[in-house]
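Chemist: A single structure is presented below for examination.
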Amino acid sequence: MRMIIAAAALAASACAFGENPIVHTWFTTDPAPMVSGDRLYVYTGHDDDGADFFWMNEWRVYSTDDMANWTDHGTIIDLGDFTWADDRAWAPQAVERDGKFYFYVPAHSSLTGGMAIGVAVADNPTGPFRDALGKPLFDDGSWDNIDPTVFIDDDGQAYLAWGNPTIHMARLNDDMVSFKEDPVLLDITEEGFGAPMLRDQKVKGKYKDCYTEGPWLTKRNGRYQLLYAAGGIPEHISYSEAASPFGPWKYKGIIMPNQDTGSFTNHCGVVDYKGHSYFFYHTGKLPGGGGFGRSVAVEEFEYGKDGSFPTIMATDKGVEPIGVYSPYGRRNQAETMASSHGVKTEPNAKTGVYVSEVHNGDWTRLRNVDFGSEAKAGKLKVKAASALQGGVIELRADSIGGRLVASVSVPDTGGWEEWGEFVAEAAPISGVHDVYFVFKGMKGPKLFNFDWWELKRD
Ligand code: FUB
């Protein structure tokens, strides 16, 4: 019976929504997935709302353990945390080594006037990160220094690669913040990447592909794989293989063809998680989005027996959950969600990240929530704050207008960060459902901020 309820809930949600993009509160770009412990983290850039270029100031991280619901951990580091950086917080990647997390970023260097590669370090995957060196790791004044990718090999050797339209490759020391020897430029040949580097191409030359930017270094079946944005503008994703990160590389083909995603850039990261393989990329598909308003999406795929990539198409549907969300016995963060409408998230030093910009009719949705087999009444407690008249937080099952499980009134608490805890009875519920927090109140003004919720059974 429980299986039937779960299947019905999933079918209903699949009809109502696609699951891509995975974040609706902010624009998110240039995804870099990383598994640590039993969670999958996705580090992203952030296109400013309304931007007309890649005006980007900070890096963010989201995490999941079910591929359905993502926790927003907020900004983990921004340009101001790198004294030498003054612009362009572009595509990053993180890696874990010996219990520390290293975060490689490109940013515009105020020291040389070009783009530079920096590295930050933290004790936790969600930060706080701090500039590990107080200066760039690599800064030669060139504009090529963007999109670092980091990879730790089976023998412990770490590699860092980056560049547009060049590809720098370097071995890192075990400290992860210095190079073993000077980075080298890879040979970008037609055989290796589908075309020679742009400046070496023949006028009107016909080439099967062309490395552009956004490298992602990984290894499969003992062969190194470099995935990258290719083809100039608009970009698709291609890959090459080699027996050594330094080459020679062999062009292998297109993974994600150019499609009508609303974004002329694409940028990928791949990861294996809980027995599944995932391909992260970005599109311009969030309402109001586009080439400078990008959003992270994900597809599941299977490698060929020889480690080759299949063709992966961008879908609205996204990926299936690989677990259920258990609401009991924990404090549920309001900023953990599968999708949302209208709301944003904000950080606060004391409370962490919370849901903000809540107006009448806005909602957040959690996918695949398991209420157990026994329907029992209980209590819903929320932590919220309002500087105005407050409003109501409704917990509904299966759809925005679905069964009302609980309705908690939030009063004026005296400030947007003057938090209170408010409780209401919760009706009996069992089985697996999508859950909607639907926010109601006076039309027009902001209602309240929402930090967390707890559900207890009587
Ligand atoms: O997000 C800014 C730039 O756009 C990245 O560095 C590139 O990879 C492209 O996605």
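Chemist: Starting from region 332-361, keep only residues that are on the phi > 0 side of the Ramachandran plot and surrounded by fewer than 18 Cβ atoms within 10 Å (Cβ to Cβ), then list their pairs with residues that are in a strand (DSSP E or B) and at pLDDT 95 or above whose Cβ atoms are within a distance under 6 Å, requiring at least 6 positions of separation or different chains.
Modeler: Short answer, once both residue conditions are applied: Glu357/Lys344.
Chemist: Can you name every residue in region 143-169 that is part of a loop (DSSP other than H, G, I, E, B) and surrounded by fewer than 21 Cβ atoms within 10 Å (Cβ to Cβ)?
Modeler: Initial filter on region 143-169 (part of a loop (DSSP other than H, G, I, E, B)): 143-148, 153-157, 163-167.
Passing the criteria: Trp143, Asp144, Asp153, Asp154, Asp155, Gly156, Gln157, Pro165, Thr166.
Chemist: Quickly run through region 130-171 and pick out the residues that are in contact (Cβ under 8 Å) with a residue 60 or more places away in the chain, more than 14 Å from the ligand (Cβ to nearest atom) and within 21 Å of the chain's Cα centre (by Cα).
Modeler: Val150, Phe151
Chemist: Consider Thr212 carefully, then state whether it is under 20 Å from Phe279 (Cα atoms), touching a residue at least 40 places away in the same chain (Cβ under 8 Å) and away from the ligand (no atom under 16 Å from the Cβ).
Modeler: Values: under 20 Å from Phe279 (Cα atoms): yes; touching a residue at least 40 places away in the same chain (Cβ under 8 Å): yes; away from the ligand (no atom under 16 Å from the Cβ): no.
For Thr212, the condition - under 20 Å from Phe279 (Cα atoms), touching a residue at least 40 places away in the same chain (Cβ under 8 Å) and away from the ligand (no atom under 16 Å from the Cβ) - is not met.
Chemist: Turning to a different aspect of this structure: From the list Ala387, Ala424, Ala397, Ala406, which one is surrounded by fewer than 17 Cβ atoms within 10 Å (Cβ to Cβ) and hydrophobic (A, V, I, L, M, F, W, C)? Full working, then the answer.
Modeler: Numbers: Ala424 fails: surrounded by fewer than 17 Cβ atoms within 10 Å (Cβ to Cβ); Ala397 fails: surrounded by fewer than 17 Cβ atoms within 10 Å (Cβ to Cβ); Ala406 fails: surrounded by fewer than 17 Cβ atoms within 10 Å (Cβ to Cβ).
Being surrounded by fewer than 17 Cβ atoms within 10 Å (Cβ to Cβ) and hydrophobic (A, V, I, L, M, F, W, C) holds for just one of Ala387, Ala424, Ala397, Ala406, which is Ala387.
Chemist: Next question. How many residues does region 238-278 hold that are assigned to a strand (DSSP E or B) and within 20 Å of Ala195 (Cα to Cα)? Spell out how you get there, then give the answer.
Modeler: Of all residues in region 238-278, those assigned to a strand (DSSP E or B) come to 238-242, 250-256, 269-273, 276-278.
From what's left, within 20 Å of Ala195 (Cα to Cα): 238-242, 250-256.
Total satisfying the criteria: 12.
Chemist: Moving on to the next point. Considering only residues that are surrounded by fewer than 16 Cβ atoms within 10 Å (Cβ to Cβ) and of a type in the set (Ser, Thr, Tyr), which ones fall in region 206-217? First the steps, then the outcome.
Modeler: Quick first cut of region 206-217, residues surrounded by fewer than 16 Cβ atoms within 10 Å (Cβ to Cβ) only: 206-208.
If the condition is that a residue be surrounded by fewer than 16 Cβ atoms within 10 Å (Cβ to Cβ) and of a type in the set (Ser, Thr, Tyr), then Tyr207 is the only one that fits.
Chemist: Output the number of residues of region 26-47 satisfying the condition of being buried (at least 23 other Cβ atoms within 10 Å of the Cβ), away from the ligand (no atom under 14 Å from the Cβ) and over 8 Å from the mean Cα position of the chain (by Cα).
Modeler: 1
Chemist: Consider region 218-234. How many of its residues are surrounded by fewer than 23 Cβ atoms within 10 Å (Cβ to Cβ) and within 16 Å of the ligand (Cβ to nearest atom)?
Modeler: Looking only at that region, the number is 4.
Chemist: In region 197-205, is there at least one residue being farther than 21 Å from Arg294 by Cβ, within 16 Å of the ligand (Cβ to nearest atom) and loosely packed, with under 15 Cβ neighbours inside 10 Å?
Modeler: Start the filter on region 197-205 by keeping residues that are farther than 21 Å from Arg294 by Cβ, which leaves 197-205.
This time we only want the ones that are within 16 Å of the ligand (Cβ to nearest atom), so: 198.
Subsequent filtering for residues that are loosely packed, with under 15 Cβ neighbours inside 10 Å retains 198.
Yes - at least one qualifying residue is present in region 197-205.
Chemist: Here is a further query. Please verify whether region 262-277 includes one or more residues that are in contact (Cβ under 8 Å) with a residue 12 or more places away in the chain and under 21 Å from Glu191 (Cβ atoms).
Modeler: No: region 262-277 contains no residue that is in contact (Cβ under 8 Å) with a residue 12 or more places away in the chain and under 21 Å from Glu191 (Cβ atoms).
Chemist: Still on this structure, I have one more. Condition first: in contact with an Asp or Glu (Cβ under 7 Å, 6 or more places away or on another chain), crowded, with 19+ Cβ neighbours inside 10 Å and at pLDDT 95 or above. Can you find one or more residues in region 93-104 that meet it? Quick ask: steps written out before the conclusion?
Modeler: Start the filter on region 93-104 by keeping residues that are in contact with an Asp or Glu (Cβ under 7 Å, 6 or more places away or on another chain), which leaves 100.
Within this subset, residues satisfying the condition of being crowded, with 19+ Cβ neighbours inside 10 Å are none.
So far as region 93-104 goes, no, none of its residues is in contact with an Asp or Glu (Cβ under 7 Å, 6 or more places away or on another chain), crowded, with 19+ Cβ neighbours inside 10 Å and at pLDDT 95 or above.
Chemist: On to the next question. Only one of these conditions is not met by Ser63: (1) assigned to a strand (DSSP E or B); (2) within 20 Å of the chain's Cα centre (by Cα); (3) within 16 Å of the ligand (Cβ to nearest atom). Which number is it?
Modeler: Just one mismatch for Ser63, condition (3).
Chemist: Return only the number of the condition from (1) touching a residue at least 12 places away in the same chain (Cβ under 8 Å); (2) over 24 Å from Arg294 (Cβ atoms); (3) buried (at least 19 other Cβ atoms within 10 Å of the Cβ) that Ser244 does not satisfy.
Modeler: (3)
Chemist: Do we find that Arg60 is more than 22 Å from Thr25 (Cβ to Cβ), charged (D, E, K, R) and modelled with pLDDT of 95 or more in this structure?
Modeler: Working: more than 22 Å from Thr25 (Cβ to Cβ): no; charged (D, E, K, R): yes; modelled with pLDDT of 95 or more: yes.
No; evaluated as a whole, the condition is false for this residue.
Chemist: Based on what the data block shows, is Asn124 touching a strand residue (DSSP E or B) at 6+ places or on another chain (Cβ under 6 Å), over 14 Å from Leu186 (Cβ atoms) and of a type in the set (S, T, N, Q)?
Modeler: Values: touching a strand residue (DSSP E or B) at 6+ places or on another chain (Cβ under 6 Å): no; over 14 Å from Leu186 (Cβ atoms): yes; of a type in the set (S, T, N, Q): yes.
Criteria not met by Asn124.
The values are calculated or read from the model by the stated rules, or taken from the named source; none is laboratory data. None of the values given here were measured: they were computed from a predicted structure. Quick reminder, even Gly has a Cβ in these numbers, built from the backbone with ideal geometry, and neighbours come from all protein chains shown.
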